[in-house]
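Visitor: The structure follows.
The values are calculated or read from the model by the stated rules, or taken from the named source; none is laboratory data. Every value quoted in this text rests on a predicted model; they were computed, and no experiment measured them. Backbone-built Cβ (ideal geometry, glycine too); neighbour counts: all protein chains shown. Please note that ligands, DNA and RNA were not included when accessible areas were found on the heavy atoms of the full protein model with its side chains. Shrake-Rupley method; radii C 1.70, N 1.55, O 1.52, S 1.80 Å.
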Amino acid sequence: MHNIDPGTLYLVSTPIGNLEDITLRALRILKEVDLIAAEDTRQTRRLLTHYEIKTPLTSYFEGNQQAKSEKLIAQLKARESIALVSDAGTPTISDPGYPLLQACIAEAVPIVPIPGPSAILAAAAVSGLPLHNFVFEGFLSPKSGKRKRQLTQLADEARTLILFESPHRLCRFLEDALAVMGEREIVIARELTKRFEEIFRGNISQALEKFRSTEPRGEFTIVIGV
């Protein structure tokens, strides 16, 4: 019989799209903790409803995470167990959770990672690009000038690059990447694990041609070769 450790923060990875992509351990933790702190309670409730999990929810997102961290720390120190989840994937990686994590470390609150789905690793694995080492850069700046400076710093990187980008900025990102880094092999994974999953492979110019002619939609993970 498994037992939840009281006063422990669990970082629980949740599906990035397909609700079947969740571990048995993650489901057990979500059922047994006292509280789930969720980036979007509506999104998380959909997952919990699917698996008939009735654990109480509280919101924990970028706008309230500083203030909410204090309350959650107090609950943890009062021996409550809490699971932290983001909308998709692993909390704290390009998602809310860092302030709570830092506060738990400072207060010596136990932290347990519950690994699972990751858009980063899924895109890397399917890319076909070299993966003996790689670097994840998350979202670059939405402003072209700063984004170009960031790309300039990455241009001589000897490792495969993995990034996130939003649909409305994708073409501008590709334009800047081509201007700064030159022609490169690129893999663009869209809507990973979801119904309209798509994996584009080609070079940056070909990607630009495709996504200029077809409106980008969904979540994008980009893998760029050296």
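Visitor: Assign unit charges at the C-beta atoms only (+1 for Lys and Arg, -1 for Asp and Glu), then state the dipole size of the chain relative to its Cα centre in Debye, rounded to the nearest 20. Don't jump to the answer; show the numbers that get you there.
Guide: Values: 27 positive and 28 negative charges, 62 e Å.
For this selection, approximately 300 debye.
Visitor: Going toward the positive end of the dipole of the chain, with +1 on Lys and Arg Cβ and -1 on Asp and Glu Cβ, which of T14, S141, M181 do you reach last?
Guide: Result: S141.
Visitor: Any idea what diffusion coefficient region 1-44 gets from Stokes-Einstein, in µm²/s, Kirkwood Rh on alpha carbon pairs, 37 °C, 0.692 mPa s? Write out the running numbers ahead of the final one.
Guide: Details: Rh = 11.6 Å.
It diffuses with D of about 283 µm²/s by this estimate.
Visitor: Okay, next question. Accessible area per residue of the chain at 1.4 Å probe, in Å²? Write down the numbers at each step before the final one.
Guide: On the way: 11740 Å² over 226 residues.
Ligands and nucleic acids excluded, the result is 52 Å² per residue.
Visitor: Please list, by residue number, everything in region 94-121 whose backbone N is under 18 Å from a paramagnetic label point 7 Å out along Cα→Cβ of A78.
Guide: Under cut-off, by backbone N: 104, 109-110.
Visitor: Which distance in nm do the two modelled labels at R212 and E191 give, with both placed 7 Å along the Cα-to-Cβ direction?
Guide: 2.4 nm
Visitor: Quickly estimate the mean residue ellipticity at 222 nm for the chain, helices only: each DSSP H run with n ≥ 4 gives -39500 (n - 2.57), and the total goes over all residues, rounded to 500.
Guide: Working: 8 runs with 83 residues, N = 226.
Taking each H run of at least 4 residues, the total per residue is -11000 deg cm²/dmol.
Visitor: Let me ask something else. Per the 1.4 Å probe, what fraction of the accessible area of region 29-109, in percent, lies on carbon and sulfur atoms?
Guide: Working: 2010 of 4230 Å².
Carbon and sulfur: 47 percent of the exposed surface of region 29-109.
Visitor: Express in whole angstrom the spacing between the alpha-carbon centres of region 167-226 and region 131-147.
Guide: Computed from Cα coordinates, the inter-centre distance equals 13 Å.
Visitor: Also, I was wondering about something else. Modelling each spin label as a point 7 Å along the Cα-to-Cβ direction, I'd like the V112/R159 distance in nm, to one decimal.
Guide: Using points 7 Å along Cα→Cβ, the separation is 3.0 nm.
Visitor: Picking from P99, L163, Q66, whose Cα lies most toward the positive end of the charge dipole for the chain (charges on Cβ: Lys, Arg +1; Asp, Glu -1)?
Guide: Of the options given, the answer is Q66.
Visitor: To continue, here is another question. Compactness ratio of the chain: Cα Rg over 2.2 N^0.38 Å, N = residue count? Walk me through the numbers before you get to the answer.
Guide: Details: Rg = 19.3 Å, N = 226, 2.2 N^0.38 = 17.3 Å.
Relative to the rule-of-thumb radius for its length, the chain sits at 1.12.
Visitor: In nm, to one decimal, how far is the I105 label point from the Q150 one, both placed 7 Å along Cα→Cβ?
Guide: That separation, rounded to one decimal, is 2.2 nm.
Visitor: What are the residues whose amide H is under 5 Å from the amide H of E80, where those residues sit 5 or more places off or on another chain and H is modelled from the backbone?
Guide: For E80, whose amide H was placed from the backbone, the distant partners under 5 Å are G7.
Visitor: With the full set of protein chains in place, find how many percent of the accessible area of region 153-226 is carbon and sulfur; take the probe as 1.4 Å. Write down the numbers at each step before the final one.
Guide: Working: 1620 of 3730 Å².
C and S atoms contribute 43 percent here.
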